[in-house]
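*Asks:* Shown below is the structure under consideration.
The values are calculated or read from the model by the stated rules, or taken from the named source; none is laboratory data. Because the structure is predicted, anything quoted here is derived from the model rather than measured. FYI the Cβ positions are ideal-geometry reconstructions off the backbone, even for glycines, and counts take in every protein chain you see.
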(Lines give C-alpha, C1' and ligand atoms only; values in the text may rest on other atoms or scores of the structure.)
Protein backbone atom coordinates (compact mmCIF):
# COMPACT_ATOMS: atom_id res chain seq x y z
CA UNK A 1 0.00 0.00 0.00
CA UNK A 2 2.88 2.36 0.73
CA UNK A 3 4.44 1.55 -2.64
CA UNK A 4 1.08 2.29 -4.27
CA UNK A 5 0.94 5.64 -2.47
CA UNK A 6 4.34 6.68 -3.76
CA UNK A 7 3.29 5.47 -7.23
CA UNK A 8 0.47 8.02 -7.23
CA UNK A 9 3.01 10.72 -6.39
CA UNK A 10 5.15 9.50 -9.32
CA UNK A 11 2.16 9.64 -11.69
CA UNK A 12 1.37 13.30 -11.14
CA UNK A 13 4.56 14.69 -12.81
CA UNK A 14 3.99 12.39 -15.80
CA UNK A 15 0.46 13.72 -16.28
CA UNK A 16 1.72 17.30 -15.99
CA UNK A 17 4.71 16.88 -18.33
CA UNK A 18 2.90 17.33 -21.65
CA UNK A 19 0.57 19.96 -20.23
CA UNK A 20 3.50 22.05 -18.97
CA UNK A 21 5.40 21.79 -22.26
CA UNK A 22 2.25 22.83 -24.11
CA UNK A 23 1.72 25.81 -21.80
CA UNK A 24 5.37 26.82 -22.08
CA UNK A 25 5.08 26.97 -25.89
CA UNK A 26 1.58 28.42 -26.33
CA UNK A 27 1.44 30.81 -23.36
CA UNK A 28 5.12 31.61 -23.19
CA UNK A 29 7.44 31.43 -26.18
CA UNK A 30 4.90 31.73 -29.02
CA UNK A 31 3.12 34.52 -27.16
CA UNK A 32 6.37 36.42 -26.86
CA UNK A 33 6.60 35.93 -23.09
CA UNK A 34 9.87 34.14 -22.65
CA UNK A 35 9.87 34.37 -18.87
CA UNK A 36 6.49 32.64 -18.70
CA UNK A 37 7.77 29.86 -20.97
CA UNK A 38 10.87 29.40 -18.87
CA UNK A 39 8.70 29.35 -15.76
CA UNK A 40 6.56 26.53 -17.11
CA UNK A 41 9.69 24.56 -18.05
CA UNK A 42 11.10 25.18 -14.58
CA UNK A 43 7.87 23.81 -13.14
CA UNK A 44 8.36 20.76 -15.38
CA UNK A 45 11.85 20.35 -13.92
CA UNK A 46 10.51 20.57 -10.35
CA UNK A 47 7.85 17.94 -11.17
CA UNK A 48 10.59 15.65 -12.53
CA UNK A 49 12.51 16.08 -9.29
CA UNK A 50 9.41 15.17 -7.29
CA UNK A 51 9.03 12.03 -9.37
CA UNK A 52 12.66 11.06 -8.71
CA UNK A 53 12.20 11.60 -4.97
CA UNK A 54 9.04 9.45 -4.97
CA UNK A 55 10.91 6.65 -6.77
CA UNK A 56 13.69 6.80 -4.17
CA UNK A 57 11.27 6.92 -1.23
CA UNK A 58 9.72 3.62 -2.28
CA UNK A 59 12.92 1.56 -1.88
CA UNK A 60 12.60 0.78 1.87
CA UNK A 61 9.05 -0.46 1.32
CA UNK A 62 10.32 -2.50 -1.62
CA UNK A 63 12.82 -4.26 0.64
CA UNK A 64 10.07 -4.94 3.19
CA UNK A 65 8.26 -6.95 0.51
CA UNK A 66 11.20 -8.72 -1.15
CA UNK A 67 13.39 -9.86 1.75
CA UNK A 68 10.69 -11.86 3.61
CA UNK A 69 9.83 -13.54 0.30
CA UNK A 70 13.47 -14.55 -0.17
CA UNK A 71 13.68 -15.87 3.40
CA UNK A 72 10.51 -17.91 2.96
CA UNK A 73 11.81 -19.47 -0.27
CA UNK A 74 15.16 -20.35 1.32
CA UNK A 75 13.35 -22.05 4.21
CA UNK A 76 11.13 -23.94 1.77
CA UNK A 77 14.06 -25.19 -0.34
CA UNK A 78 16.08 -26.24 2.72
CA UNK A 79 13.11 -28.07 4.27
CA UNK A 80 12.52 -29.94 1.00
CA UNK A 81 16.22 -30.86 0.74
CA UNK A 82 16.37 -32.13 4.33
CA UNK A 83 13.23 -34.19 3.77
CA UNK A 84 15.00 -36.21 1.07
CA UNK A 85 17.16 -39.18 2.03
CA UNK A 86 19.61 -38.42 -0.74
CA UNK A 87 21.52 -35.37 -1.94
CA UNK A 88 19.97 -33.76 -5.00
CA UNK A 89 22.52 -31.51 -6.78
CA UNK A 90 19.62 -29.53 -8.25
CA UNK A 91 18.83 -28.31 -4.71
CA UNK A 92 22.02 -26.28 -4.79
CA UNK A 93 20.93 -24.60 -8.03
CA UNK A 94 17.55 -23.85 -6.46
CA UNK A 95 19.05 -22.46 -3.28
CA UNK A 96 21.72 -20.29 -4.90
CA UNK A 97 20.60 -19.41 -8.41
CA UNK A 98 16.81 -19.74 -8.44
CA UNK A 99 16.02 -18.21 -5.04
CA UNK A 100 18.39 -15.32 -5.67
CA UNK A 101 16.82 -14.89 -9.12
CA UNK A 102 13.38 -14.62 -7.52
CA UNK A 103 14.69 -12.02 -5.06
CA UNK A 104 16.29 -9.88 -7.75
CA UNK A 105 13.47 -10.30 -10.25
CA UNK A 106 10.77 -9.47 -7.72
CA UNK A 107 12.61 -6.35 -6.60
CA UNK A 108 13.30 -5.25 -10.16
CA UNK A 109 9.75 -5.91 -11.33
CA UNK A 110 8.16 -4.12 -8.40
CA UNK A 111 10.41 -1.15 -9.03
CA UNK A 112 10.36 -1.13 -12.84
CA UNK A 113 6.94 -2.51 -13.65
CA UNK A 114 5.38 -0.10 -11.17
CA UNK A 115 7.14 2.78 -12.90
CA UNK A 116 6.19 1.52 -16.36
CA UNK A 117 2.55 1.07 -15.39
CA UNK A 118 2.39 4.49 -13.78
CA UNK A 119 4.01 6.06 -16.84
CA UNK A 120 1.66 4.40 -19.33
CA UNK A 121 -1.51 5.23 -17.47
CA UNK A 122 -0.43 8.76 -16.60
CA UNK A 123 0.71 9.48 -20.19
CA UNK A 124 -2.62 8.30 -21.60
CA UNK A 125 -4.54 10.37 -19.04
CA UNK A 126 -2.47 13.45 -19.86
CA UNK A 127 -2.91 12.83 -23.58
CA UNK A 128 -6.68 12.50 -23.18
CA UNK A 129 -6.77 15.84 -21.35
CA UNK A 130 -4.41 17.67 -23.71
CA UNK A 131 -5.25 16.26 -27.16
CA UNK A 132 -8.33 13.98 -27.28
CA UNK A 133 -8.22 13.96 -31.09
CA UNK A 134 -4.80 12.24 -31.06
CA UNK A 135 -5.83 9.58 -28.55
CA UNK A 136 -7.23 7.03 -31.11
CA UNK A 137 -3.99 7.25 -33.11
CA UNK A 138 -2.14 6.14 -30.00
CA UNK A 139 -4.60 3.68 -28.46
CA UNK A 140 -5.14 1.46 -31.53
CA UNK A 141 -1.44 0.53 -32.07
CA UNK A 142 -0.99 0.26 -28.31
CA UNK A 143 -3.85 -2.25 -28.01
CA UNK A 144 -2.44 -4.24 -30.96
CA UNK A 145 0.95 -4.35 -29.23
CA UNK A 146 -0.68 -5.53 -25.99
CA UNK A 147 -2.50 -8.32 -27.85
CA UNK A 148 0.74 -9.45 -29.52
CA UNK A 149 2.59 -9.33 -26.19
CA UNK A 150 -0.10 -11.49 -24.56
CA UNK A 151 0.04 -13.91 -27.51
CA UNK A 152 3.81 -14.34 -27.10
CA UNK A 153 3.68 -15.00 -23.35
CA UNK A 154 2.70 -18.69 -23.52
CA UNK A 155 5.48 -19.86 -25.90
CA UNK A 156 7.98 -17.68 -24.05
CA UNK A 157 7.00 -19.21 -20.70
CA UNK A 158 7.22 -22.72 -22.13
CA UNK A 159 10.66 -22.13 -23.60
CA UNK A 160 11.92 -20.43 -20.46
CA UNK A 161 10.68 -23.39 -18.41
CA UNK A 162 12.53 -25.71 -20.80
CA UNK A 163 15.74 -23.74 -20.13
CA UNK A 164 15.32 -24.05 -16.34
CA UNK A 165 14.58 -27.79 -16.52
CA UNK A 166 17.52 -28.37 -18.84
CA UNK A 167 19.84 -26.53 -16.44
CA UNK A 168 18.56 -28.63 -13.52
CA UNK A 169 19.00 -31.83 -15.50
CA UNK A 170 22.57 -30.87 -16.39
CA UNK A 171 23.35 -30.08 -12.74
CA UNK A 172 21.77 -33.33 -11.56
CA UNK A 173 23.56 -35.39 -14.23
CA UNK A 174 26.91 -33.85 -13.32
CA UNK A 175 26.23 -34.38 -9.60
CA UNK A 176 25.29 -38.03 -10.07
CA UNK A 177 28.41 -38.59 -12.14
CA UNK A 178 30.69 -37.04 -9.53
CA UNK A 179 29.05 -38.96 -6.69
CA UNK A 180 29.16 -42.22 -8.61
CA UNK A 181 32.68 -42.07 -10.02
CA UNK A 182 33.54 -45.35 -8.30
CA UNK A 183 30.62 -47.11 -9.95
CA UNK A 184 31.42 -45.51 -13.30
CA UNK A 185 34.98 -46.79 -13.14
CA UNK A 186 33.97 -50.16 -11.74
CA UNK A 187 31.47 -50.83 -14.53
CA UNK A 188 33.56 -49.34 -17.34
CA UNK A 189 30.79 -46.84 -18.12
CA UNK A 190 33.03 -43.83 -18.80
CA UNK A 191 31.97 -43.41 -22.42
CA UNK A 192 28.26 -43.84 -21.68
CA UNK A 193 28.49 -41.38 -18.81
CA UNK A 194 30.31 -38.82 -20.94
CA UNK A 195 27.67 -39.18 -23.64
CA UNK A 196 24.89 -38.60 -21.09
CA UNK A 197 26.61 -35.43 -19.86
CA UNK A 198 27.15 -34.20 -23.42
CA UNK A 199 23.48 -34.86 -24.22
CA UNK A 200 22.36 -32.86 -21.17
CA UNK A 201 24.67 -29.97 -22.11
CA UNK A 202 23.41 -30.00 -25.72
CA UNK A 203 19.80 -29.99 -24.49
CA UNK A 204 20.53 -26.96 -22.29
CA UNK A 205 22.16 -25.09 -25.18
CA UNK A 206 19.29 -25.92 -27.56
CA UNK A 207 16.72 -24.71 -25.02
CA UNK A 208 18.59 -21.40 -24.65
CA UNK A 209 18.72 -20.91 -28.42
CA UNK A 210 14.99 -21.61 -28.77
CA UNK A 211 14.24 -19.06 -26.05
CA UNK A 212 16.40 -16.48 -27.83
CA UNK A 213 14.51 -16.97 -31.10
CA UNK A 214 11.14 -16.54 -29.40
CA UNK A 215 12.32 -13.51 -27.42
CA UNK A 216 13.42 -11.75 -30.63
CA UNK A 217 9.75 -11.42 -31.62
CA UNK A 218 9.26 -8.95 -28.79
CA UNK A 219 10.82 -6.27 -31.03
CA UNK A 220 7.50 -6.25 -32.92
CA UNK A 221 5.77 -5.18 -29.72
CA UNK A 222 8.10 -2.18 -29.46
CA UNK A 223 7.44 -1.27 -33.09
CA UNK A 224 3.66 -1.45 -32.72
CA UNK A 225 3.23 0.10 -29.29
CA UNK A 226 6.10 2.59 -29.16
CA UNK A 227 7.12 3.68 -32.65
CA UNK A 228 3.89 3.40 -34.67
CA UNK A 229 1.93 5.92 -32.49
CA UNK A 230 4.71 8.48 -33.04
CA UNK A 231 4.63 7.95 -36.81
CA UNK A 232 0.82 8.12 -36.83
CA UNK A 233 0.76 11.43 -34.94
CA UNK A 234 3.51 12.89 -37.16
CA UNK A 235 1.64 11.81 -40.30
CA UNK A 236 -1.64 13.21 -38.99
CA UNK A 237 -0.11 16.43 -37.64
CA UNK A 238 -1.47 18.70 -40.45
CA UNK A 239 -4.98 17.38 -39.93
CA UNK A 240 -4.68 17.58 -36.13
CA UNK A 241 -3.65 21.24 -36.34
CA UNK A 242 -6.12 22.30 -39.02
CA UNK A 243 -9.12 20.03 -38.43
CA UNK A 244 -8.53 18.87 -34.87
CA UNK A 245 -7.90 22.29 -33.43
CA UNK A 246 -4.55 21.47 -31.83
CA UNK A 247 -2.11 24.27 -31.25
CA UNK A 248 1.60 23.98 -31.85
CA UNK A 249 2.19 23.74 -28.11
CA UNK A 250 -0.41 20.99 -27.74
CA UNK A 251 1.19 19.08 -30.61
CA UNK A 252 4.59 19.43 -28.93
CA UNK A 253 3.05 18.31 -25.62
CA UNK A 254 1.62 15.26 -27.38
CA UNK A 255 5.10 14.47 -28.73
CA UNK A 256 6.43 14.80 -25.17
CA UNK A 257 4.00 12.15 -23.95
CA UNK A 258 4.87 9.84 -26.83
CA UNK A 259 8.66 10.24 -26.96
CA UNK A 260 9.51 10.75 -23.30
CA UNK A 261 6.87 8.60 -21.62
CA UNK A 262 5.03 6.15 -23.86
CA UNK A 263 7.83 4.87 -26.13
CA UNK A 264 10.36 4.21 -23.29
CA UNK A 265 7.62 2.54 -21.23
CA UNK A 266 6.66 0.20 -24.09
CA UNK A 267 10.31 -0.65 -24.77
CA UNK A 268 10.87 -1.42 -21.10
CA UNK A 269 7.68 -3.47 -20.88
CA UNK A 270 8.33 -5.55 -24.00
CA UNK A 271 12.04 -5.99 -23.53
CA UNK A 272 13.26 -5.92 -19.98
CA UNK A 273 10.07 -6.41 -18.01
CA UNK A 274 8.80 -9.07 -20.41
CA UNK A 275 11.94 -11.12 -19.91
CA UNK A 276 12.00 -10.61 -16.14
CA UNK A 277 8.32 -11.47 -15.76
CA UNK A 278 8.80 -14.70 -17.72
CA UNK A 279 11.83 -15.67 -15.67
CA UNK A 280 10.04 -14.97 -12.40
CA UNK A 281 6.93 -16.97 -13.32
CA UNK A 282 8.95 -19.97 -14.48
CA UNK A 283 11.39 -19.97 -11.55
CA UNK A 284 8.59 -19.58 -8.99
CA UNK A 285 6.65 -22.38 -10.65
CA UNK A 286 9.73 -24.61 -10.59
CA UNK A 287 10.48 -23.83 -6.95
CA UNK A 288 6.88 -24.56 -6.01
CA UNK A 289 6.86 -27.87 -7.89
CA UNK A 290 10.29 -29.09 -6.83
CA UNK A 291 9.84 -28.21 -3.15
CA UNK A 292 6.26 -29.38 -2.75
CA UNK A 293 5.75 -31.41 0.42
CA UNK A 294 5.67 -35.19 -0.14
CA UNK A 295 2.27 -36.90 -0.30
CA UNK A 296 0.81 -38.04 2.95
CA UNK A 297 2.05 -41.53 3.81
CA UNK A 298 -0.33 -44.37 3.13
CA UNK A 299 -1.75 -46.07 6.19
CA UNK A 300 -0.28 -49.42 7.18
CA UNK A 301 -1.76 -52.55 5.71
CA UNK A 302 -4.50 -54.05 7.89
CA UNK A 303 -2.57 -57.32 7.89
CA UNK A 304 0.60 -55.73 9.30
CA UNK A 305 1.17 -56.74 12.90
CA UNK A 306 4.01 -56.04 15.26
CA UNK A 307 6.62 -58.71 15.89
CA UNK A 308 5.90 -61.02 18.82
CA UNK A 309 7.61 -60.04 22.05
CA UNK A 310 11.09 -61.48 22.45
CA UNK A 311 11.65 -62.07 18.71
CA UNK A 312 13.79 -59.71 16.60
CA UNK A 313 11.84 -57.70 14.02
CA UNK A 314 12.00 -59.12 10.51
CA UNK A 315 12.69 -56.95 7.46
CA UNK A 316 10.35 -57.75 4.56
CA UNK A 317 10.10 -56.19 1.08
CA UNK A 318 7.00 -57.29 -0.81
CA UNK A 319 6.24 -56.45 -4.49
CA UNK A 320 8.11 -53.17 -4.06
CA UNK A 321 7.75 -50.58 -6.81
CA UNK A 322 9.07 -47.04 -6.86
CA UNK A 323 9.39 -44.17 -9.35
CA UNK A 324 10.63 -40.64 -8.65
CA UNK A 325 7.52 -39.13 -10.24
CA UNK A 326 4.17 -40.08 -11.75
CA UNK A 327 5.62 -40.04 -15.29
CA UNK A 328 9.13 -41.31 -14.44
CA UNK A 329 10.43 -44.74 -15.36
CA UNK A 330 10.10 -47.05 -12.32
CA UNK A 331 13.34 -47.93 -10.58
CA UNK A 332 11.83 -51.09 -9.10
CA UNK A 333 8.97 -53.32 -10.11
CA UNK A 334 7.77 -56.18 -7.94
CA UNK A 335 11.03 -56.31 -5.93
CA UNK A 336 11.00 -59.04 -3.25
CA UNK A 337 13.43 -59.25 -0.34
CA UNK A 338 13.25 -61.25 2.89
CA UNK A 339 16.59 -61.37 4.75
CA UNK A 340 16.79 -63.55 7.82
CA UNK A 341 17.00 -61.85 11.22
CA UNK A 342 20.64 -61.05 11.87
CA UNK A 343 21.63 -61.51 8.22
CA UNK A 344 24.33 -59.38 6.57
CA UNK A 345 23.15 -58.31 3.10
CA UNK A 346 25.15 -56.42 0.45
CA UNK A 347 23.44 -54.40 -2.32
CA UNK A 348 25.36 -53.94 -5.58
CA UNK A 349 24.64 -52.71 -9.08
CA UNK A 350 25.76 -50.17 -11.68
CA UNK A 351 25.30 -46.46 -11.04
CA UNK A 352 21.70 -45.31 -11.43
CA UNK A 353 20.05 -48.66 -10.64
CA UNK A 354 18.55 -47.33 -7.41
CA UNK A 355 20.82 -48.57 -4.63
CA UNK A 356 20.51 -45.39 -2.55
CA UNK A 357 16.80 -45.18 -3.31
CA UNK A 358 16.33 -48.73 -2.04
CA UNK A 359 18.25 -47.80 1.12
CA UNK A 360 15.91 -44.84 1.66
CA UNK A 361 12.85 -47.04 1.08
CA UNK A 362 14.09 -49.62 3.59
CA UNK A 363 14.58 -46.84 6.15
CA UNK A 364 11.14 -45.32 5.53
CA UNK A 365 12.58 -42.04 4.25
CA UNK A 366 10.69 -42.59 0.96
CA UNK A 367 7.16 -43.89 0.44
CA UNK A 368 6.86 -46.88 -1.94
CA UNK A 369 4.86 -46.30 -5.11
CA UNK A 370 3.53 -49.84 -4.76
CA UNK A 371 4.13 -52.85 -2.58
CA UNK A 372 5.39 -52.57 0.98
CA UNK A 373 8.46 -52.41 3.22
CA UNK A 374 7.88 -53.66 6.76
CA UNK A 375 10.07 -54.19 9.81
CA UNK A 376 8.41 -56.45 12.30
CA UNK A 377 5.11 -55.87 10.50
CA UNK A 378 5.39 -52.07 10.80
CA UNK A 379 5.69 -49.76 7.79
CA UNK A 380 8.65 -47.46 8.58
CA UNK A 381 7.47 -44.62 6.31
CA UNK A 382 4.28 -44.21 8.36
CA UNK A 383 6.16 -43.48 11.58
CA UNK A 384 7.33 -40.10 12.90
CA UNK A 385 11.05 -39.44 12.54
CA UNK A 386 12.20 -40.44 16.06
CA UNK A 387 10.17 -43.67 16.06
CA UNK A 388 11.38 -44.52 12.57
CA UNK A 389 15.01 -44.00 13.64
CA UNK A 390 14.50 -46.46 16.51
CA UNK A 391 13.33 -49.06 13.99
CA UNK A 392 15.75 -48.57 11.07
CA UNK A 393 19.03 -46.63 11.19
CA UNK A 394 20.08 -45.21 7.81
CA UNK A 395 23.62 -43.88 7.45
CA UNK A 396 24.28 -42.16 4.10
CA UNK A 397 27.58 -41.44 2.40
CA UNK A 398 27.78 -37.87 3.69
CA UNK A 399 27.95 -38.24 7.48
CA UNK A 400 26.28 -35.57 9.60
CA UNK A 401 28.22 -34.09 12.51
CA UNK A 402 26.86 -31.04 14.33
CA UNK A 403 28.57 -28.45 16.55
CA UNK A 404 28.52 -29.69 20.15
CA UNK A 405 30.35 -32.14 22.34
CA UNK A 406 31.64 -35.47 21.10
CA UNK A 407 29.27 -37.18 23.54
CA UNK A 408 26.25 -35.34 22.11
CA UNK A 409 27.18 -36.42 18.60
CA UNK A 410 27.80 -40.06 19.55
CA UNK A 411 24.79 -40.50 21.86
CA UNK A 412 22.28 -38.71 19.64
CA UNK A 413 20.37 -41.91 18.74
CA UNK A 414 21.02 -43.89 21.93
CA UNK A 415 18.01 -44.75 24.08
CA UNK A 416 19.94 -44.21 27.32
CA UNK A 417 23.01 -41.98 27.82
CA UNK A 418 26.06 -44.21 27.35
CA UNK A 419 28.88 -44.18 29.90
CA UNK A 420 32.40 -43.11 29.03
CA UNK A 421 33.42 -46.75 29.18
CA UNK A 422 30.75 -47.75 26.68
CA UNK A 423 31.68 -44.93 24.32
CA UNK A 424 35.36 -45.82 24.48
CA UNK A 425 34.67 -49.53 24.01
CA UNK A 426 32.48 -49.08 20.94
CA UNK A 427 34.83 -46.47 19.46
CA UNK A 428 37.71 -48.95 19.81
CA UNK A 429 35.56 -51.69 18.27
CA UNK A 430 34.87 -49.56 15.18
CA UNK A 431 38.40 -48.17 14.88
CA UNK A 432 37.45 -44.69 16.16
CA UNK A 433 39.30 -44.90 19.48
CA UNK A 434 42.32 -42.94 18.26
CA UNK A 435 40.02 -40.24 16.87
CA UNK A 436 38.14 -40.03 20.18
CA UNK A 437 41.43 -39.57 22.03
CA UNK A 438 42.70 -36.99 19.57
CA UNK A 439 39.52 -34.95 19.91
CA UNK A 440 39.98 -34.84 23.68
CA UNK A 441 37.53 -37.47 24.90
CA UNK A 442 33.73 -37.62 25.07
CA UNK A 443 33.36 -34.18 26.66
CA UNK A 444 35.52 -32.37 24.09
CA UNK A 445 33.68 -29.86 21.94
CA UNK A 446 33.42 -29.97 18.15
CA UNK A 447 33.21 -26.31 17.19
CA UNK A 448 33.49 -26.63 13.41
CA UNK A 449 32.50 -30.03 11.97
CA UNK A 450 33.97 -29.00 8.63
CA UNK A 451 37.42 -29.07 10.28
CA UNK A 452 37.09 -32.85 10.53
CA UNK A 453 37.94 -34.93 7.50
CA UNK A 454 35.19 -36.82 5.69
CA UNK A 455 36.54 -40.12 7.07
CA UNK A 456 36.54 -38.77 10.63
CA UNK A 457 32.94 -37.63 10.28
CA UNK A 458 32.03 -41.08 9.00
CA UNK A 459 33.64 -42.73 12.03
CA UNK A 460 31.66 -40.49 14.42
CA UNK A 461 28.43 -41.26 12.57
CA UNK A 462 29.21 -45.00 12.59
CA UNK A 463 29.68 -45.03 16.36
CA UNK A 464 26.43 -43.08 16.73
CA UNK A 465 24.58 -45.60 14.53
CA UNK A 466 26.05 -48.56 16.40
CA UNK A 467 24.69 -47.11 19.67
CA UNK A 468 21.18 -46.74 18.26
CA UNK A 469 18.54 -49.29 19.29
CA UNK A 470 17.49 -49.91 15.66
CA UNK A 471 17.30 -53.65 14.83
CA UNK A 472 17.92 -52.86 11.14
CA UNK A 473 20.97 -50.86 10.03
CA UNK A 474 21.37 -49.63 6.44
CA UNK A 475 24.84 -48.36 5.46
CA UNK A 476 24.58 -46.49 2.16
CA UNK A 477 28.28 -46.28 1.19
CA UNK A 478 28.80 -45.03 4.74
CA UNK A 479 32.42 -46.28 4.79
CA UNK A 480 33.51 -44.97 1.39
CA UNK A 481 35.93 -42.46 3.00
CA UNK A 482 37.70 -45.20 4.98
CA UNK A 483 40.48 -47.44 3.72
CA UNK A 484 39.79 -51.11 3.03
CA UNK A 485 41.08 -52.33 6.40
CA UNK A 486 39.03 -49.80 8.37
CA UNK A 487 35.96 -50.63 6.29
CA UNK A 488 36.35 -54.34 6.99
CA UNK A 489 36.65 -53.66 10.71
CA UNK A 490 33.47 -51.56 10.70
CA UNK A 491 31.42 -54.04 8.67
CA UNK A 492 32.47 -57.01 10.78
CA UNK A 493 31.55 -55.10 13.94
CA UNK A 494 28.12 -54.23 12.59
CA UNK A 495 27.61 -57.80 11.34
CA UNK A 496 28.18 -59.07 14.89
CA UNK A 497 25.80 -56.44 16.29
CA UNK A 498 22.32 -57.89 16.97
CA UNK A 499 19.98 -57.19 14.07
CA UNK A 500 19.97 -57.11 10.28
CA UNK A 501 22.69 -55.27 8.34
CA UNK A 502 22.21 -53.96 4.79
CA UNK A 503 25.32 -52.49 3.11
CA UNK A 504 25.31 -50.64 -0.21
CA UNK A 505 28.68 -51.90 -1.40
CA UNK A 506 31.30 -49.93 -3.31
CA UNK A 507 34.09 -52.51 -2.97
CA UNK A 508 34.12 -56.21 -3.84
CA UNK A 509 35.28 -56.95 -0.29
CA UNK A 510 31.90 -55.77 1.08
CA UNK A 511 30.10 -58.27 -1.13
CA UNK A 512 32.50 -61.06 -0.18
CA UNK A 513 31.87 -60.48 3.55
CA UNK A 514 28.07 -60.48 3.21
CA UNK A 515 25.91 -63.55 3.78
CA UNK A 516 24.05 -62.80 0.57
CA UNK A 517 24.26 -60.23 -2.23
CA UNK A 518 21.35 -58.38 -3.88
CA UNK A 519 22.14 -57.35 -7.46
CA UNK A 520 19.97 -54.52 -8.82
CA UNK A 521 19.61 -54.42 -12.57
CA UNK A 522 16.87 -52.75 -14.61
CA UNK A 523 14.21 -52.68 -11.90
CA UNK A 524 14.75 -56.29 -10.90
CA UNK A 525 16.73 -57.80 -8.06
CA UNK A 526 18.68 -61.04 -7.96
CA UNK A 527 19.47 -62.30 -4.45
CA UNK A 528 22.02 -65.07 -3.89
CA UNK A 529 25.34 -65.87 -2.27
CA UNK A 530 28.45 -64.40 -3.87
CA UNK A 531 29.54 -67.63 -5.56
CA UNK A 532 26.04 -68.49 -6.80
CA UNK A 533 25.48 -64.96 -8.09
CA UNK A 534 28.60 -65.17 -10.23
CA UNK A 535 27.01 -68.15 -11.98
CA UNK A 536 23.49 -66.70 -12.18
CA UNK A 537 24.24 -63.13 -13.30
CA UNK A 538 26.73 -62.14 -16.05
CA UNK A 539 26.43 -58.51 -14.89
CA UNK A 540 27.68 -59.49 -11.44
CA UNK A 541 30.63 -61.33 -12.96
CA UNK A 542 31.44 -58.17 -14.91
CA UNK A 543 31.17 -56.02 -11.76
CA UNK A 544 33.46 -58.38 -9.85
CA UNK A 545 35.97 -58.36 -12.71
CA UNK A 546 36.08 -54.59 -12.84
CA UNK A 547 36.36 -54.38 -9.06
CA UNK A 548 39.26 -56.81 -8.98
CA UNK A 549 40.94 -55.12 -11.91
CA UNK A 550 40.63 -51.69 -10.28
CA UNK A 551 41.91 -53.01 -6.93
CA UNK A 552 44.94 -54.90 -8.29
CA UNK A 553 48.23 -52.98 -8.79
CA UNK A 554 49.34 -52.34 -12.33
CA UNK A 555 51.60 -55.18 -13.54
CA UNK A 556 53.79 -54.87 -16.61
CA UNK A 557 52.53 -56.96 -19.49
CA UNK A 558 54.68 -58.95 -21.90
CA UNK A 559 55.68 -55.80 -23.73
CA UNK A 560 56.34 -53.86 -20.52
CA UNK A 561 53.05 -51.90 -20.73
CA UNK A 562 50.76 -51.74 -17.70
CA UNK A 563 47.20 -53.01 -18.11
CA UNK A 564 44.38 -50.47 -18.18
CA UNK A 565 43.11 -49.76 -14.64
CA UNK A 566 39.61 -51.04 -14.02
CA UNK A 567 39.78 -53.68 -16.76
CA UNK A 568 39.96 -57.33 -15.66
CA UNK A 569 43.13 -59.14 -16.59
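*Asks:* Out of 133, 146, 200, report the one residue that is within 30 Å of residue 26 (Cα to Cα) and in a helix (DSSP H, G or I).
*Replies:* Of the residues listed, the single one that is within 30 Å of residue 26 (Cα to Cα) and in a helix (DSSP H, G or I) is 133.
*Asks:* Just to be sure before I move on: is residue 39 under 48 Å from the mean Cα position of the chain (by Cα), surrounded by fewer than 17 Cβ atoms within 10 Å (Cβ to Cβ) and under 30 Å from residue 127 (Cα atoms) in the structure I sent?
*Replies:* Spelling it out, it is not the case that residue 39 is under 48 Å from the mean Cα position of the chain (by Cα), surrounded by fewer than 17 Cβ atoms within 10 Å (Cβ to Cβ) and under 30 Å from residue 127 (Cα atoms).
*Asks:* Something else: Give the residues of region 357-375 that are surrounded by 24 or more Cβ atoms within 10 Å (Cβ to Cβ) and under 16 Å from residue 525 (Cα atoms), sorted by residue number.
*Replies:* 358, 359, 361, 362, 373
*Asks:* So in region 465-484, with the set limited to residues that are more than 30 Å from the chain's Cα centre (by Cα) and modelled with pLDDT of 90 or more, which one is farthest from residue 315 (Cα to Cα)?
*Replies:* Ranking the qualifying residues of region 465-484, first place goes to 467.
*Asks:* Take the conditions surrounded by 13 or more Cβ atoms within 10 Å (Cβ to Cβ), within 30 Å of residue 477 (Cα to Cα), modelled with pLDDT of 70 or more and touching a strand residue (DSSP E or B) at 6+ places or on another chain (Cβ under 8 Å) and apply them to residue 323. Does it pass?
*Replies:* No.
Results for (1) surrounded by 15 or more Cβ atoms within 10 Å (Cβ to Cβ); (2) more than 21 Å from residue 256 (Cα to Cα); (3) at pLDDT 80 or above; (4) out of contact with any helix residue (DSSP H, G or I) (no Cβ under 9 Å at 6 or more places or on another chain), shown as yes or no for each residue.
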| site | (1), (2), (3), (4) |
| --- | --- |
| 24 | yes, no, yes, no |
| 55 | yes, no, no, no |
| 61 | yes, yes, no, no |
| 95 | yes, yes, no, no |
| 98 | yes, yes, no, no |
| 105 | yes, yes, no, no |
| 118 | yes, no, no, no |
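*Asks:* Same structure, new question: Among what's in region 460-480 and is in contact with a helix residue (DSSP H, G or I) (Cβ under 7 Å, 6 or more places away or on another chain) and within 12 Å of residue 406 (Cα to Cα), pick the residue that is surrounded by the most Cβ atoms within 10 Å (Cβ to Cβ).
*Replies:* Ranking the qualifying residues of region 460-480, first place goes to 463.
*Asks:* Let me ask another. Checking the structure you have, find out if any residue of region 278-299 is closer than 30 Å to residue 378 by Cβ, over 28 Å from the mean Cα position of the chain (by Cα) and at pLDDT below 75.
*Replies:* Scanning region 278-299 turns up at least one residue that is closer than 30 Å to residue 378 by Cβ, over 28 Å from the mean Cα position of the chain (by Cα) and at pLDDT below 75.
*Asks:* Report, by residue number, each residue of region 363-383 that is in contact with a strand residue (DSSP E or B) (Cβ under 8 Å, 6 or more places away or on another chain) and within 12 Å of residue 322 (Cα to Cα).
*Replies:* 366, 368, 369, 370, 371, 372, 373
*Asks:* To continue, here is another question. Does region 502-531 hold any residues that are assigned to a strand (DSSP E or B) and farther than 22 Å from residue 322 by Cα, and which are they?
*Replies:* Those that are assigned to a strand (DSSP E or B) and farther than 22 Å from residue 322 by Cα: 516, 528.
*Asks:* Let me ask another. From the list 342, 349, 385, exactly one residue is surrounded by fewer than 16 Cβ atoms within 10 Å (Cβ to Cβ) and at positive phi. Which is it?
*Replies:* 342
*Asks:* For the structure I just gave you, tell me whether residue 194 is assigned by TED's automatic domain parsing to the domain that holds residue 247, closer than 30 Å to residue 481 by Cβ and modelled with pLDDT of 80 or more.
*Replies:* yes
*Asks:* Suppose we filter 4, 35, 11 for residues that are over 17 Å from residue 255 (Cα atoms) and in contact (Cβ under 8 Å) with a residue 24 or more places away in the chain; which single one remains?
*Replies:* Only one candidate qualifies: 11.
*Asks:* Now a separate question. Being modelled with pLDDT of 75 or more and touching a helix residue (DSSP H, G or I) at 6+ places or on another chain (Cβ under 7 Å) is the requirement here; does residue 262 meet it?
*Replies:* When the stated conditions are applied, residue 262 passes them.
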